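Asks: Dropping a structure here in structure tokens format, bear with me for questions.
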Amino acid sequence: MTNPLLTQQQLPAFSQITPELVVPTIEQLLSHNREKIAAIADQQQPTWQSLPAQLEELDDTLSKAWSLVSHLNAVTNSPAWRDAYNQCLAKISAYYTEIGQNSKLYQSYQQLADSADFEQLSTAQQQTIKNALRDFKLSGVALADDKKQRFAEIEERLSALSAKFADNLLDATQAWHKPLTDTELQGLPEAHQGLLAQLAQQRGLTGHVATLDIPAYLAVMTYANDRALRQEVYTAYVTRASELSADGKFDNSAFMAEILSLRYEQAQLLGYDNYAQLSLVPKMASSVDVVMQFLQELAQRAKPAAQQDLAELREFAATLGINDLQPWDTSYVSEKLKQQKHNLSQEVLRAYFPAPMVIDGLFKIAERLYGVDIRAQQVDVWAEDVTYYTISEQGKTIASFYLDPYARANKRGGAWMSNCQSRRATQLPIAFLTCNFNPPVGDKPALLTHDEVITLFHEFGHGLHHMLTEVDVTAVGGIHGVAWDAVELPSQFMEHWCWEEQALALMTQHIETGEALPKALLDNLLAAKNFQSGLQTLRQLEFALFDLRIHSQAPLTAQGIQETLNAVRNEVSVMPPPAFNRFQHSFSHIFAGGYAAGYYSYKWAEVLSSDAFSRFEQEGIFNRETGLSFRQNVLAKGGSQPALDLFVAFRGREPNIDALLRHSGLEKA
């Protein structure tokens, strides 16, 4: 029987992939690749075909296998999967560090870059070689042998620490639950009570339980009338994976400090003052100071609006008998204020957003904009709620993706797009799209909040970037090789259609009556678009400034990390959280993801996405010509050209911040 981790030209047979296959398969691939790379590095006169193309072939087989392992570890996490994944992390890290520090390969790439053949190569091929030379240097290829070895040790340890951080967070989230009394359930809508009953059944319990999974957490924080319950759930949530969590068993404190220390040492080895400087080398932003100034200016713009938002919230809370507004009250009070101010209830709204209808509407929007056709297909998947889709154009399949939309036990929280398979001359791109929405309860389809609709569109935007690429060179096709602070452009760009009347008509239908979203409810939704956007903007800026600051200085202890976060909150926040809040212990974007010293990219790219969408506002949100222009100039090109050049090609000029301020309701702030 063929090895299901080595997919070749067929789709993965998920039902046949077991954790026991992982270690021997990955070891076999690494051994094979090392042998081939040794021969490639020894060639005298490298060409595109004999160097980058050969390495791409080797990397593709390994990447496809490892992406399946990483994905299944995230969405079907179990002790066996976790063990298999963690056993291979160090091996994978060591392998890529070896390549990055291979002096012969580096010299071969330099030789190819300096050759007469270089000018004959395509733009994508040239960009691949330029990126490779940069990345060799960032991997320590020019270091002395002892420093090279230390750099490799750091890389290996950082991989292990990031995985441990994520594991602790998942374990801490799953470890806590609280059985609820009938009194504590008061205020929760029927659908949410159904979810909490479902969660109790999954734990072999009767009645209802509160958990720290996002759908359950938000249900309690938004609707539970019992203030003591909200406080208890909030406290458990914001102390996850910290020294203050229930038993401290999954404390991430020491891991955060070690991660920062190792990143700092890595930056110093490469000649940078701090990790933030190193992180910005492949990004659009030119310096740490430029990013810091961008964030601080935006904070100054948003703060007056946030102060108004908070004053309004406090005043309304007092009418509910809450005279000392606390963080565990804000979602609850906000929902009631939104209902009063805009006559808008998330629960009433949810009835018009059945997940199947929203997904179908999303696909129709993509089809109108980009001239593609999206269809579901029956294939082997890893969970019953997962669906596989193909994207075709003029009857020819050009890409495909798996959509895994709902929260379930042993699935990491959050939402993300990841690579199943990259586009090459010999294969089509395949994406994994993962969310954690409220699952269907009983025989009714899942109902999404408008925020969840936005999340779905966001991740699909990443997916389109990966899938609609026309670049056959993997290293700069799709999401590969794209500056990190521009990679959120296509995702945030798609979010805008969630606020457009014509687009909403395609994705809304009442779950019981089948009626379209009423004009009055639509008007209320649009009127509430920037409800408390000042507070929301400051929250994101708080995270971004904290991330940049802890990576812009010498290594911090866990206490130093907390003090830095406190300082940022005192400077930016209009309602600093309580002293026991340990947000940083669950900040997986920067401690277990790729956003270290890069969380600012969400706001940076929001400038690009808002400005890009403003062209659609001028020319029509379903203007096919404008859609194809975005597809050709941005989505199709991937990382084959600098992000700013691609933006200018689409927009006709460099980006400005006006559209972002207008879309956020902050232009007068």
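Asks: When you go through (1) at pLDDT 95 or above; (2) closer than 23 Å to LEU310 by Cβ; (3) surrounded by fewer than 20 Cβ atoms within 10 Å (Cβ to Cβ) one by one for GLU606, which number turns out not to apply?
Replies: Of (1) at pLDDT 95 or above; (2) closer than 23 Å to LEU310 by Cβ; (3) surrounded by fewer than 20 Cβ atoms within 10 Å (Cβ to Cβ), only one is false for GLU606: (3).
Asks: Can you name the residue in the stretch 198-224 that is in contact (Cβ under 8 Å) with a residue 60 or more places away in the chain and more than 25 Å from HIS585 (Cα to Cα) and, of all such residues, is surrounded by the fewest Cβ atoms within 10 Å (Cβ to Cβ)?
Replies: Within the stretch 198-224, the match that is surrounded by the fewest Cβ atoms within 10 Å (Cβ to Cβ) is GLN202.
Asks: Let me ask another. For TYR370, only one of the following conditions fails: (1) touching a Lys or Arg at 6+ places or on another chain (Cβ under 7 Å); (2) under 26 Å from LYS411 (Cβ atoms). What is its number?
Replies: (2)
Asks: Which ones in the stretch 143-162 are free of Cβ contacts under 8 Å to residues at least 24 places away in the same chain and either touching a strand residue (DSSP E or B) at 6+ places or on another chain (Cβ under 7 Å) or of a type in the set (A, V, I, L, M) (or both)?
Replies: Of all residues in the stretch 143-162, those free of Cβ contacts under 8 Å to residues at least 24 places away in the same chain come to 144-146, 149, 153.
Within the stretch 143-162, just ALA144 meets the criteria.
Asks: Looking only at the stretch 101-131, how many residues end up being free of Cβ contacts under 8 Å to residues at least 40 places away in the same chain and surrounded by 21 or more Cβ atoms within 10 Å (Cβ to Cβ)?
Replies: 1
Asks: Any chance you could count how many residues in the stretch 159-197 are part of a helix (DSSP H, G or I) and either surrounded by fewer than 17 Cβ atoms within 10 Å (Cβ to Cβ) or of a type outside the set (A, V, I, L, M) (or both)? Don't jump to the end; show me each part of the working.
Replies: The initial filter retains those residues of the stretch 159-197 that are part of a helix (DSSP H, G or I), namely 159-175, 190-197.
Still in the running and either surrounded by fewer than 17 Cβ atoms within 10 Å (Cβ to Cβ) or of a type outside the set (A, V, I, L, M) (or both): 159-160, 162, 164-165, 167-168, 171, 173-174, 190, 192-194.
Looking only at that region, the number is 14.
Asks: Give SER162, SER78, SER115, SER139 a once-over and let me know the one that is within 21 Å of ASN33 (Cβ to Cβ) and among the hydroxyl-bearing types (Ser, Thr, Tyr). Working first, answer last.
Replies: Details: SER162 fails: within 21 Å of ASN33 (Cβ to Cβ); SER78 fails: within 21 Å of ASN33 (Cβ to Cβ); SER115 fails: within 21 Å of ASN33 (Cβ to Cβ).
From the options SER162, SER78, SER115, SER139, the qualifying one is SER139.
Asks: Can you name the helices (runs of 4 or more DSSP H) wholly within the stretch 286-385 that have at least 1 residues being more than 27 Å from the chain's Cα centre (by Cα)?
Replies: Numbers: elements: 288-319, 327-342, 346-350, 355-370.
Those helices (runs of 4 or more DSSP H) span 288-319, 327-342, 346-350.
Asks: Restricting to the stretch 228-243, what's the tally of residues that are among the basic types (Lys, Arg) and either in contact with a strand residue (DSSP E or B) (Cβ under 8 Å, 6 or more places away or on another chain) or in a helix (DSSP H, G or I) (or both)?
Replies: Step one: list which residues in the stretch 228-243 are among the basic types (Lys, Arg), which gives 230, 240.
Next cut, either in contact with a strand residue (DSSP E or B) (Cβ under 8 Å, 6 or more places away or on another chain) or in a helix (DSSP H, G or I) (or both) only: 230.
Qualifying residue count for the region: 1.
Asks: Let me ask something else about it. For residues that are exposed (fewer than 13 other Cβ atoms within 10 Å of the Cβ) and acidic (Asp, Glu), scanning just the stretch 17-62, find the one that is nearest to the chain's Cα centre (by Cα).
Replies: At the first step, the residues of the stretch 17-62 found to be exposed (fewer than 13 other Cβ atoms within 10 Å of the Cβ) are 20, 24, 31, 35, 38-39, 42, 44-45, 49.
Subsequent filtering for residues that are acidic (Asp, Glu) retains 20, 35, 42.
Values: GLU20: 29, GLU35: 35, ASP42: 39 Å.
Ranking the qualifying residues of the stretch 17-62, first place goes to GLU20.
Asks: Next question, about the same structure. Which residues, taken from the stretch 209-232, are more than 25 Å from the chain's Cα centre (by Cα) and of a type outside the set (D, E, K, R)? If you could, list the steps in order and put the result at the bottom.
Replies: Keep residues of the stretch 209-232 that are more than 25 Å from the chain's Cα centre (by Cα), which gives 209-210, 223-232.
Of everything in the stretch 209-232, those that are more than 25 Å from the chain's Cα centre (by Cα) and of a type outside the set (D, E, K, R) turn out to be VAL209, ALA210, TYR223, ALA224, ASN225, ALA228, LEU229, GLN231.
Asks: Give the residue that is surrounded by the fewest Cβ atoms within 10 Å (Cβ to Cβ), with candidates limited to residues of the stretch 303-336 that are of a type in the set (A, V, I, L, M, F, W, C) and in contact (Cβ under 8 Å) with a residue 60 or more places away in the chain. Before you say what the answer is, go through the steps one by one.
Replies: Taking the stretch 303-336 and keeping what is of a type in the set (A, V, I, L, M, F, W, C), we get 305-306, 310-311, 313, 316-318, 320, 322, 325, 328, 333.
From what's left, in contact (Cβ under 8 Å) with a residue 60 or more places away in the chain: 305-306, 310, 313, 322, 325, 328.
Working: ALA305: 23, ALA306: 25, LEU310: 19, LEU313: 20, ILE322: 16, LEU325: 18, TRP328: 23.
Filtering the stretch 303-336 for residues that are of a type in the set (A, V, I, L, M, F, W, C) and in contact (Cβ under 8 Å) with a residue 60 or more places away in the chain, the one surrounded by the fewest Cβ atoms within 10 Å (Cβ to Cβ) comes out as ILE322.
Asks: Then there's this: With among the hydrophobic types (A, V, I, L, M, F, W, C) and within 30 Å of PRO79 (Cα to Cα) as the only criterion, which of LEU170, LEU133 stands out?
Replies: Step by step, each of LEU170, LEU133 is checked, and only LEU170 is among the hydrophobic types (A, V, I, L, M, F, W, C) and within 30 Å of PRO79 (Cα to Cα).
Asks: Test of understanding: among GLU155, GLU98, which residue is under 20 Å from LEU30 (Cα atoms), buried (at least 16 other Cβ atoms within 10 Å of the Cβ), among the charged types (D, E, K, R) and in contact with a Ser or Thr (Cβ under 9 Å, 6 or more places away or on another chain)? Before you say what the answer is, go through the steps one by one.
Replies: Values: GLU98 fails: in contact with a Ser or Thr (Cβ under 9 Å, 6 or more places away or on another chain).
Checking each option against the conditions leaves just GLU155.
Asks: Suppose we filter TRP48, TRP66 for residues that are at negative phi, among the aromatic types (Phe, Trp, Tyr) and part of a helix (DSSP H, G or I); which single one remains?
Replies: Values: TRP48 fails: part of a helix (DSSP H, G or I).
Every option except TRP66 fails the conditions.
Asks: Condition first: over 30 Å from ASP324 (Cβ atoms), free of Cβ contacts under 8 Å to residues at least 24 places away in the same chain and out of contact with any Phe, Trp or Tyr (no Cβ under 9 Å at 6 or more places or on another chain). Can you find one or more residues in the stretch 578-585 that meet it? Spell out the reasoning first.
Replies: Kept after step one, since they are over 30 Å from ASP324 (Cβ atoms), are these residues of the stretch 578-585: none.
No, the stretch 578-585 contains no residue that is over 30 Å from ASP324 (Cβ atoms), free of Cβ contacts under 8 Å to residues at least 24 places away in the same chain and out of contact with any Phe, Trp or Tyr (no Cβ under 9 Å at 6 or more places or on another chain).
Asks: Going by the conditions given, is VAL574 within 24 Å of the chain's Cα centre (by Cα), among the β-branched types (Val, Ile, Thr) and surrounded by 16 or more Cβ atoms within 10 Å (Cβ to Cβ)?
Replies: Numbers: within 24 Å of the chain's Cα centre (by Cα): no; among the β-branched types (Val, Ile, Thr): yes; surrounded by 16 or more Cβ atoms within 10 Å (Cβ to Cβ): yes.
Considered against the rule, which asks whether it is within 24 Å of the chain's Cα centre (by Cα), among the β-branched types (Val, Ile, Thr) and surrounded by 16 or more Cβ atoms within 10 Å (Cβ to Cβ), VAL574 comes out as no.
Asks: Next question, about the same structure. Any idea which of GLY593, GLY665, GLY598 is surrounded by 21 or more Cβ atoms within 10 Å (Cβ to Cβ), of a type outside the set (Phe, Trp, Tyr) and either assigned to a loop (DSSP other than H, G, I, E, B) or without any contact (Cβ under 8 Å) to a residue 12 or more places away in the chain (or both)? Reasoning before the result, please.
Replies: Values: GLY593 fails: surrounded by 21 or more Cβ atoms within 10 Å (Cβ to Cβ); GLY665 fails: surrounded by 21 or more Cβ atoms within 10 Å (Cβ to Cβ).
GLY598 is the lone residue from the list that is surrounded by 21 or more Cβ atoms within 10 Å (Cβ to Cβ), of a type outside the set (Phe, Trp, Tyr) and either assigned to a loop (DSSP other than H, G, I, E, B) or without any contact (Cβ under 8 Å) to a residue 12 or more places away in the chain (or both).
Asks: Another one. Here's a check for you: in the stretch 456-474, which residue that is in contact with an Asp or Glu (Cβ under 9 Å, 6 or more places away or on another chain) and either closer than 27 Å to PRO354 by Cα or hydroxyl-bearing (Ser, Thr, Tyr) (or both) is surrounded by the fewest Cβ atoms within 10 Å (Cβ to Cβ)?
Replies: Within the stretch 456-474, the first condition is being in contact with an Asp or Glu (Cβ under 9 Å, 6 or more places away or on another chain), and the residues that meet it are 457-458, 461-462, 473-474.
Subsequent filtering for residues that are either closer than 27 Å to PRO354 by Cα or hydroxyl-bearing (Ser, Thr, Tyr) (or both) retains 457-458, 461-462, 474.
Working: PHE457: 24, HIS458: 22, GLY461: 24, HIS462: 24, THR474: 29.
So, considering only residues that are in contact with an Asp or Glu (Cβ under 9 Å, 6 or more places away or on another chain) and either closer than 27 Å to PRO354 by Cα or hydroxyl-bearing (Ser, Thr, Tyr) (or both), the one surrounded by the fewest Cβ atoms within 10 Å (Cβ to Cβ) is HIS458.
Asks: Would you check which residues across the stretch 395-418 are part of a strand (DSSP E or B) and more than 24 Å from SER586 (Cα to Cα) and list them? Break it down into steps so the answer makes sense when it comes.
Replies: Step one: list which residues in the stretch 395-418 are part of a strand (DSSP E or B), which gives 396-406, 416-418.
LYS396, THR397, ILE398, ALA399, SER400, PHE401, TYR402, LEU403 - these are the residues of the stretch 395-418 that are part of a strand (DSSP E or B) and more than 24 Å from SER586 (Cα to Cα).
Asks: Does any residue of the stretch 618-632 turn out to be modelled with pLDDT under 95 and either charged (D, E, K, R) or over 30 Å from GLU312 (Cα atoms) (or both)? Break it down into steps so the answer makes sense when it comes.
Replies: Taking the stretch 618-632 as the starting set, the residues that turn out to be modelled with pLDDT under 95 are none.
No, because not a single residue in the stretch 618-632 is modelled with pLDDT under 95 and either charged (D, E, K, R) or over 30 Å from GLU312 (Cα atoms) (or both).
Asks: Please specify each residue of the stretch 529-564 satisfying the condition of being touching a Lys or Arg at 6+ places or on another chain (Cβ under 9 Å), assigned to a helix (DSSP H, G or I) and under 28 Å from SER261 (Cβ atoms).
Replies: Residues of the stretch 529-564 touching a Lys or Arg at 6+ places or on another chain (Cβ under 9 Å): 531-532, 534, 537-538, 540-542, 544, 546, 551, 555, 562, 564.
This time we only want the ones that are assigned to a helix (DSSP H, G or I), so: 534, 537-538, 540-542, 544, 546, 562, 564.
Passing the criteria: GLN540, LEU541, GLU542, ALA544, PHE546, GLN562, THR564.
The values are calculated or read from the model by the stated rules, or taken from the named source; none is laboratory data. These numbers come from a predicted model, not from an experiment. Backbone-built Cβ (ideal geometry, glycine too); neighbour counts: all protein chains shown.
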